[in-house]
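S.K.: Once you've had a glance at the structure underneath, I'll fire off some questions.
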Amino acid sequence: MSEAASSHVALAKNTRNSATTGSTADGDLLPSLAPLLHAWLPRQRWFAGKGRPVTGFSLVSATEMLPLDGSAGPGLLHLLLRAEQSCRDSGPAEDCYQLLLGVRTSLPPMLADALIGRVERGPLAGRTVYDALHDPRLAGLLLERLRRPGNLGSLRFERTAPLPDGLAPRVLDAEQSNSSLVYGDAYIFKIFRRVFPGTNPDLELPLALARQGCLRVPAPVAWFEAPEPEPLTLGVLQPFLHGARDGWQLALAALAAGRDFLPEARALGRATAEVHTALAAALPAPALRGTQTRQLVAEMTRRLEAAVRAVPALAPYAPGLRAAFDAVTDLGVRGSGWAQQRVHGDLHLGQTLRSSDGFWSLIDFEGEPARPLSERRSPAPPVRDVAGMLRSFDYAARSHRPWNPEWAARCRAAYCEGYAQASGTDPRGEPELLRAHETDKAVYEVLYEARHRPDWLPVPMAAIQRLARSAAA
């Protein structure tokens, strides 16, 4: 069983039914919802177990945030739910998901797209359940709970500053692995769907940066969690950068207009370096040496071997890719060491926002959701983030026709130049370590695209060919 699955088992044993209140305490609640969730959950963008059948559910906690008092509704039910799945290669797997269910006797037409289904039996028999985030009344209730810190059942609400009331909510229509609500164009509330025991870095790192006075990351204003037996971060409220555009949109617009992106890339490099400098000052930054270097390379090699098994097209390039990793081991054996610290963990153009005055911000510090939380919270060389951004410039260039590799190369250079201007260290000065992380990122991309977007597979495969040749040379 995976580390994440084991943690969820421990969590469930400690909190099962601890937060049930009112009608949800009925032991028939989950069996009555299970047939609906079997059909609805795998269709959600944020469901992580695509392609693996759901074999069962178990309830971690249930909290009535708005009581189901027998009226027409709506009621609001918060669930933490383990979804158990069969996996042919690695045996049973399970993930914990956060659901916010609206409950009504009948669903208004405006909420038709949020429908989950009508419950046939149990404590909600005859009621209709739906995704509560699409209901303005229930979404407004979430902000109201954040305005009044304290406990509700197994949930705890915290804030760092007063919040206004009466802000109109709307669901952010974006492709992402979580769900987000925007309140009055003033705040954005990210609600984590797949949750793990431990503080989510998307709360931990922005709080640490705020203490350092770093303005490149919107500071958390409020959040909520399940505090027992250890904090389980469920959602974070931050200022909404109204009018800002993400780096991916800006890069594609530049390509479409036939202009370069060099001033933007250089400024983005400076912003990244400022965030890294603040994180290094805020949190422990141990050096990467000896055994840790070998462990880093072993993990990269393991991911490569798994990807080769899943995507046979990688096999011809595997020797060259391993050479990129082995070069880091060789330097480590000769006594080389590198700085490491807390980093963003999944940095790319889509994780950046540029305001109308040209100021760049970094967002979404959750890290790669597919990786265990303990790994996402571990220190890493700063070039890991740099490698992610370099790969993103390549993706942008490949998304435009005709492909413009020179555009990507110029952006990559400008980004590194900006980073060096702000940090005093050019990431290209550690070519072996940068190439290894870029290779590791490209391997991850190949596996992701093969599973989810086969039409995009040529994008990372082009990088694989380039990196394999470079390492072999």
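The values are calculated or read from the model by the stated rules, or taken from the named source; none is laboratory data. Everything numeric in this text was worked out from a predicted model, so none of it was measured. Here the Cβ is made from the backbone with ideal geometry for all residues, glycine too, and neighbour counts use every protein chain on show. These accessible areas exclude ligands, DNA and RNA; they are computed on the full protein's heavy atoms, side chains included. Shrake-Rupley method; radii C 1.70, N 1.55, O 1.52, S 1.80 Å.
S.K.: At 1.4 Å probe size, with the rest of the protein present, what percent of the exposed accessible area of segment 187-279 is carbon and sulfur atoms? Provide the component values of the computation, followed by the final result.
M.R.: On the way: 1670 of 3140 Å².
The nonpolar share, carbon plus sulfur, comes to 53 percent.
S.K.: Run the accessible area of segment 341-473 with a 1.4 Å probe and give the carbon-and-sulfur part as a rounded percent.
M.R.: Details: 2640 of 5160 Å².
Percent of accessible area from carbon and sulfur atoms in segment 341-473: 51.
S.K.: Measuring from label point to label point, each 7 Å out along Cα→Cβ, what is the Leu115 to Ala257 span in nm?
M.R.: 4.5 nm
S.K.: Let me ask something else. Using only the Cα atoms, work out Rg/Rh for the chain, with Rh taken as the Kirkwood radius, to two decimals.
M.R.: Over the Cα atoms of the chain, Rg/Rh equals 0.98.
S.K.: Does segment 403-450 classify as rounded, prolate or oblate by the C-alpha gyration tensor (a ≥ b ≥ c root eigenvalues; a/c under 1.5 gives rounded; else a/b over b/c gives prolate, otherwise oblate)?
M.R.: Values: a/c = 2.80, a/b = 1.46, b/c = 1.91.
Cα axes put segment 403-450 in the oblate bin.
S.K.: So, for segment 364-473, what is the accessible surface per residue at a probe of 1.4 Å, expressed in square angstrom? Walk me through the numbers before you get to the answer.
M.R.: Numbers: 4420 Å² over 110 residues.
Heavy-atom accessible area per residue stands at 40 Å².
S.K.: Sort 267-276, 241-250 for me by packing, meaning the mean count of neighbouring Cβ atoms within 10 Å per residue, highest on top. If you can, show how the numbers build up before the last one.
M.R.: Values: 267-276: 23.7, 241-250: 16.2.
Listed from highest to lowest mean packing, they are 267-276, 241-250.
S.K.: Could you give the size of the charge dipole of segment 37-139 about its Cα centre, using +1 on the Cβ of each K and R and -1 on the Cβ of each D and E, expressed in debye and rounded to the nearest 20?
M.R.: Numbers: 11 positive and 10 negative charges, 46 e Å.
With only Lys, Arg, Asp and Glu charged at Cβ, the dipole is about 220 debye.
S.K.: On a 0 to 90° scale, report how tilted helix 262-282 is relative to the longest principal axis of the chain, with both axes built from alpha carbons and the result rounded to the nearest 10.
M.R.: Relative to the chain, helix 262-282 is tipped by roughly 70 degrees.
S.K.: Classify segment 340-473: rounded, prolate or oblate, from the alpha-carbon gyration tensor (a ≥ b ≥ c, eigenvalue square roots; a/c under 1.5 rounded; otherwise prolate if a/b is larger than b/c)? Don't skip to the answer; put the middle values down first.
M.R.: Values: a/c = 1.22, a/b = 1.12, b/c = 1.09.
Because its axes are fairly even, with a/c under 1.5, segment 340-473 counts as rounded.
S.K.: Just name one of Pro460, His242, Ala420: the one whose Cα is farthest towards the positive end of the charge dipole of the chain (beta-carbon charges, Lys/Arg +1, Asp/Glu -1).
M.R.: Toward the positive end, the furthest listed residue is Pro460.
S.K.: Using θ = phi - 60° and the Karplus form 6.51 cos²θ - 1.76 cosθ + 1.60, what ³J(HN,Hα) does each residue of segment 325-340 get, whole Hz, x for Gly and Pro?
M.R.: Values, residue by residue: 6, 5, 4, 5, 4, 4, 5, x, 4, 7, x, 6, x, 9, 6, 9 Hz.
S.K.: So, one more: Note the angle between two axes, namely the Cα long axis of helix 290-310 and the longest principal axis of the Cα atoms of the chain, as a number of degrees from 0 to 90, rounded to the nearest 10.
M.R.: In the chain, helix 290-310 runs at an angle near 70 degrees to the longest axis.
S.K.: Using the Cα centre as the reference, give the magnitude of the dipole from point charges on the C-beta atoms of segment 406-448 (Lys, Arg: +1; Asp, Glu: -1; all else neutral), rounded to the nearest 20 debye. Display every interim value, and only then the final one.
M.R.: Details: 5 positive and 8 negative charges, 19 e Å.
The dipole magnitude comes to about 100 debye.
S.K.: Moving to a separate point now. Based on the Cβ-Cβ distance from Asp69 to Ala472, what FRET efficiency comes out when R0 is 60 Å, to the nearest 0.05?
M.R.: Numbers: r = 69 Å, r/R0 = 1.15.
Given R0 = 60 Å and the Cβ-Cβ separation, E is 0.30.
S.K.: How far apart, in nanometres, would the label points at Glu230 and Ala174 be if each is projected 7 angstrom from Cα along the Cα-to-Cβ direction?
M.R.: Distance between label points: 2.9 nm.
S.K.: OK, next. Calculate the spin-label point distance for Ala281 paired with Glu144, positioning each point 7 Å from the Cα along the beta-carbon direction, and give it in nanometres.
M.R.: 4.2 nm
S.K.: How long is the gain from Arg451 to Glu375 if the chain were fully straight, where each residue apart is worth 0.36 nm and the alpha carbon distance is subtracted? Write down the numbers at each step before the final one.
M.R.: Numbers: separation 76, 0.36 × 76 = 27.36 nm, distance 2.23 nm.
Roughly 25.1 nm would be gained on extension.
S.K.: Sticking with this structure for a sec: Which whole-angstrom value gives the distance between the alpha carbon centres of segment 90-132 and segment 412-465?
M.R.: First find each Cα centre; the distance between them is then 41 Å.
S.K.: Also, quick follow-up: Once you sort the root eigenvalues of the Cα gyration tensor of segment 55-157 as a ≥ b ≥ c, which label holds: rounded (a/c under 1.5), prolate (a/b larger than b/c) or oblate (the other case)? Let's see the in-between values first.
M.R.: Working: a/c = 1.99, a/b = 1.34, b/c = 1.48.
Verdict is oblate for segment 55-157.
S.K.: Please report the spacing between the Cα centers of segment 249-266 and segment 324-347 in Å, no decimals.
M.R.: 31 Å
S.K.: For the chain, take the longest principal axis of its alpha carbons; what is the angle in degrees between that and the long axis of helix 29-40, to the nearest 10 within 0 to 90?
M.R.: Rounded to the nearest ten degrees, it is 50.
S.K.: So what is the 222 nm mean residue ellipticity for the chain from helices alone, if each DSSP H run of at least 4 adds -39500 (n - 2.57) and you divide by all residues, rounding to the nearest 500 deg cm²/dmol? Kindly include the intermediate steps, with their values, before the conclusion.
M.R.: On the way: 13 runs with 194 residues, N = 473.
Dividing the helical sum by the residues of the chain leaves -13500 deg cm²/dmol.
S.K.: Between segment 204-247 and segment 269-313, how far is it from one alpha carbon centroid to the other, in angstrom?
M.R.: 23 Å
S.K.: If you take the charge dipole of the chain about its Cα centre, with +1 on Lys and Arg Cβ and -1 on Asp and Glu Cβ, which of Tyr444, Tyr130, Thr55 is farthest toward its positive end?
M.R.: Tyr444
S.K.: Please get the size of the charge dipole for the chain, origin at its Cα centre, with Cβ charges of +1 on Lys and Arg and -1 on Asp and Glu, quoted in debye to the nearest 20. It would help to have the intermediate numbers written out before the result.
M.R.: Working: 53 positive and 50 negative charges, 102 e Å.
Magnitude of the dipole: close to 500 debye.
S.K.: Then there's this: Once you have the alpha carbon radius of gyration of segment 238-378, what is it after dividing by 2.2 N^0.38 Å, with N set to its residue count?
M.R.: Details: Rg = 18.5 Å, N = 141, 2.2 N^0.38 = 14.4 Å.
My calculation over the Cα atoms of segment 238-378 gives 1.28.
S.K.: Each residue of segment 41-57 in order: what ³J(HN,Hα) in whole Hz does its phi give by Karplus 6.51 cos²θ - 1.76 cosθ + 1.60, θ = phi - 60°, with x for Gly and Pro?
M.R.: So the Karplus estimates, Gly and Pro as x, are 4, x, 7, 7, 4, 8, 6, 7, x, 4, x, 10, x, 7, 9, x, 10 Hz.
S.K.: Roughly how many Å² is the accessible area per residue of segment 84-241, as a whole number, for a 1.4 Å probe? Can you show the working numbers first?
M.R.: Details: 6510 Å² over 158 residues.
Normalised by residue count, the accessible surface of segment 84-241 is 41 Å².
S.K.: Still on this model: With unit charges on the beta carbon (Lys/Arg positive, Asp/Glu negative), name the residue among Gly73, Cys87, Thr160 whose Cα is farthest towards the positive pole of the charge dipole of the chain.
M.R.: Cys87
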